[in-house]
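Let me begin by presenting the structure, written as structure tokens, before commenting on it.
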């Protein structure tokens, strides 16, 4: 009977010999289903039927590791978070923003071509930078006032909006144009830091546009300071009077 049933109970798993059955065999205890068979014969016939057990997986539960992100998705995310990307910028803001760079870029370009530092042009560039710096402070104030705005009109936000106008005022109190230009550069850097890093509540396209425009503005002021220190300084009024005298 056992010989006939042995193939039916074959389990393709790991063989584990139960210690109780071995102990029963050693002590001479008969199995309840032995039917008079000797103990040793029972132990010889039962390893396949009873002693053979299925291996049960009882390891501790572990959290599944997250799959590493796709390199292509990482590249797309980097392109979207690129601070110099202006793809999503509205056309009016983009065109007006770059048009506002004309007074900054034209002054050092004219002086570099003529190799003369015109004090009136430098003052005009600094005055324009002062007005832009005050305008940036007004943007922060106006952004915090509407209802439902992500930026609330609290002490922190409104106090930060006052810093650029104060920097503009200090720039106008400077003794010469070089110090005033340096003050405008510092003010632009502080305003950009507050708007992007300290209080990042502006839209992404506006932060990207601000970054590009601030870099170009600060670069043009640095070039102006370099030209004033290298090239001879002249006044436009003197040049105009000389040309008038030659014509007469």
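Computed quantities for the displayed model
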{"read-out": "Fewest-first ranking of 239, 178, 244, using other Cβ atoms within 10 Å as the exposure measure", "value": "244, 239, 178"}
{"read-out": "Residue order, fewest to most beta carbons within 10 Å, for 220, 241", "value": "241, 220"}
{"read-out": "Gain on full stretching of the segment that runs from residue 147 to residue 235 - 0.36 nm per residue minus C-alpha separation", "value": "26.6 nm"}
{"read-out": "Estimated inter-spin distance, residue 102 and residue 155, nm [label 7 Å along Cα→Cβ]", "value": "4.5"}
{"read-out": "Residues 126, 230, 184, sorted so that the one with the fewest Cβ neighbours within 10 Å comes first", "value": "230, 126, 184"}
{"read-out": "For the range 174-189 versus the range 141-163, the gap between their alpha-carbon centres in whole angstrom", "value": "26"}
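Taken together, the values in this text are just the output of simple stated rules run on the coordinates, not laboratory data. The shown structure was predicted, so the numbers you read here are calculated from the model rather than taken from an experiment. Every residue, glycine as well, gets a Cβ built from its backbone with ideal geometry; the counts of neighbours run over all protein chains shown.
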